Amino acid sequence: MQRYFIPPERFTADSVEITGDDARHLIRVMRAGIGDQIICCDGISREWIAEISALEEQRVQAVLVRELGSDSEPSVRVTIAQSLPKGDKMEIVIQKGTEIGAAGFLPFVSERTIVQYDVKKEAKRLERWAKIAKEAAEQAHRTRIPELSLPATWKQVLKRAREADLALFCYEKEETRQLRPLLRDRLAQARDHGQELHVVILIGPEGGFTEREASEAEAAGCIPVSLGKRILRTETAAMVALACILYESGEMGG
């Protein structure tokens, strides 16, 4: 059954209105007809089976048939703070990270970031990222679309890290602190206290973090961790760290 994220304001007590790209997809691609059923999510926490009751050129109306009780969202909220990579790698991080279960993405500019930050282009870029996250969330049968932020400065990233329950600084020069035992301890503490854990993972650019950034991150409360003996590409590091966290939390059959 096809799944669509619809803004909450498009829902009433017993119906939902679908417009824009989603309506065009239903009409032109899916060739939907009256009586067909789809799944509609409000992007926050609720989803329904809905039955199409009216079709227009740019608008679909559907009746809410039954609310679904979904548990597809991870119990651990993980925000990927990703130094802007070159090319389309940020799109890959958002797409795959959304499928795996990331709660949000915070792109940022660090000392060795190659991408030239252009304020004028950011609105269009964010719109593109949002579309990728929405489509990936639909494909993965999630009930929430991850939060997306405009590119931040290094200082802003460290501020967000301080606000998290656990901030992990993925650093290729770290030799002693491993990710797995640290995660096990913190996840066990959170479970014992009945707490939802919010984790921020900081991923460096193609050239890695500088020693100054490593020192500042640790001073801000970030814990440097190793992702193993191999040097990973920046987009790979984000996926590995996210998958490790969700596996240790039991979200991936662990």
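The values are calculated or read from the model by the stated rules, or taken from the named source; none is laboratory data. Just so you know, these numbers come straight off a predicted model, no measurement behind them. Cβ: placed from backbone, ideal geometry, glycine included. Neighbour counts: every protein chain shown. For accessibility, only protein heavy atoms count, side chains too; no ligands or nucleic acids. Shrake-Rupley method; radii C 1.70, N 1.55, O 1.52, S 1.80 Å.
In a Gaussian network model over the chain where Cα atoms closer than 10 Å are linked, find which of HIS198, HIS25, HIS141 has the largest mean-square fluctuation.
Fluctuation is largest for HIS25.
List the lysines whose Cα sits under 27 Å from the Cα of LYS173, skipping any in the same chain fewer than 8 residues away.
Partners found: LYS86, LYS89, LYS96, LYS155, LYS159, LYS229.
Under 5 Å between amide hydrogens, which residues at least 5 positions from GLU147 or on another chain qualify, with H placed 1.01 Å from N in the peptide plane?
For GLU147, whose amide H was placed from the backbone, the distant partners under 5 Å are GLY104, PHE105.
Roughly what would the spin-label model give for HIS141 and ARG180, points 7 Å off Cα along C-beta, in nm?
In this crude spin-label approximation the distance works out to 2.9 nm.
So if each residue of separation counts as 0.36 nm, and I subtract the Cα-Cα distance between LYS159 and MET252, what length gain in nm does that give?
Gain on extension, LYS159 to MET252, equals 30.5 nm.
Once you place label points 7 Å from the Cα toward the Cβ at ALA54 and ASP21, how far apart are they in nm?
Inter-label distance under the simple model: 2.6 nm.
Of all the accessible heavy-atom surface of the range 126-165, with the other protein chains kept in place and a 1.4 Å probe, what percent is carbon and sulfur?
48 percent
Test of understanding: extend the Cα→C-beta vector of THR12 to 7 Å, then name every residue of the range 32-66 with backbone N under 13 Å from that spot.
Residues 53-54, 61-64 fall inside that zone.
Take the solvent-accessible surface of the protein heavy atoms, probe 1.4 Å, and return the percent of it on the range 16-60 that carbon and sulfur atoms account for.
Ligands and nucleic acids excluded, carbon and sulfur give 46 percent.
Sort the range 144-221 into rounded, prolate or oblate with this rule: let a ≥ b ≥ c be the square roots of the eigenvalues of the Cα gyration tensor; rounded if a/c is under 1.5, and if a/c is not under 1.5, prolate when a/b is larger than b/c, oblate otherwise.
Oblate shape, in that a/c is at least 1.5 and b/c is the bigger or equal ratio.
Using only Cα atoms, what is the ratio of the radius of gyration of the chain to 2.2 N^0.38 Å? Display every interim value, and only then the final one.
Values: Rg = 20.1 Å, N = 254, 2.2 N^0.38 = 18.0 Å.
That works out to 1.11 for the chain.
Any idea how far apart SER226 and GLU206 come out in nm if each label point goes 7 Å out from Cα toward Cβ?
Result for the modelled spin labels: 2.7 nm.
Could you calculate the FRET efficiency of GLN61 with ALA130 from 1/(1 + (r/R0)^6), where r is the beta carbon distance between them and R0 is 25 Å, rounded to 0.05?
0.55
Taking every pair of alpha-carbon atoms in the range 103-254, give the share separated by more than 26 Å as a whole percent.
Of all Cα-Cα distances in the range 103-254, 28 percent exceed 26 Å.
Measuring with a 1.4 Å probe in the full set of protein chains, what accessible area per residue, in whole Å², belongs to the chain?
For the chain, the per-residue accessible area is 52 Å².
Can you sort LYS124, LYS159, LYS229 by solvent-accessible area, 1.4 Å probe, largest first?
LYS229, LYS124, LYS159
At a Förster distance of 41 Å, what's the computed FRET efficiency of ARG28 paired with ARG233, Cβ-Cβ distance as r, to 0.05?
That pair, ARG28 with ARG233, gives E of 0.65.
How large a share of the accessible area of the range 189-247, in percent, is made up of carbon and sulfur atoms when the probe is 1.4 Å and the other protein chains stay in place?
Values: 1430 of 2900 Å².
Its accessible area is 49 percent carbon and sulfur atoms.
Relative to the longest principal Cα axis of the chain, at what angle does helix 119-139 sit, 0 to 90 degrees, rounded to 10?
For helix 119-139, the angle is close to 70 degrees.
For GLU9, GLU213, GLU218, give me the order by solvent-accessible area with a 1.4 Å probe, most accessible first, ignoring ligands, DNA and RNA.
Details: GLU9 145, GLU213 0, GLU218 90 Å².
Output order, biggest surface exposure first: GLU9, GLU218, GLU213.
What are the residues whose amide H is under 5 Å from the amide H of ALA152, where those residues sit 5 or more places off or on another chain and H is modelled from the backbone?
Result for ALA152 returns PHE108, VAL109.
Enter the angle in degrees (range 0 to 90, nearest 10) between the Cα long axis of helix 179-192 and the first principal axis of the Cα atoms of the chain, meaning the one along which they spread out most.
60 degrees
Name the long-range amide H neighbours of CYS170: under 5 Å, sequence gap of 5 or more, or other chain; modelled H, no Pro or chain starts.
LEU202, VAL225
Rounded to whole Hz and in sequence order, give me ³J(HN,Hα) for the range 194-202 from the Karplus expression 6.51 cos²θ - 1.76 cosθ + 1.60, θ = phi - 60°, writing x for Gly and Pro.
3J(HN,Hα) across the range 194-202, in whole Hz: x, 9, 8, 8, 9, 10, 10, 10, 9.
In whole Hz, with x marking every Gly and Pro, tabulate ³J(HN,Hα) for the range 46-62 from phi via Karplus 6.51 cos²θ - 1.76 cosθ + 1.60, θ = phi - 60°.
10, 8, 9, 7, 10, 10, 5, 10, 7, 10, 10, 5, 10, 8, 10, 10, 9
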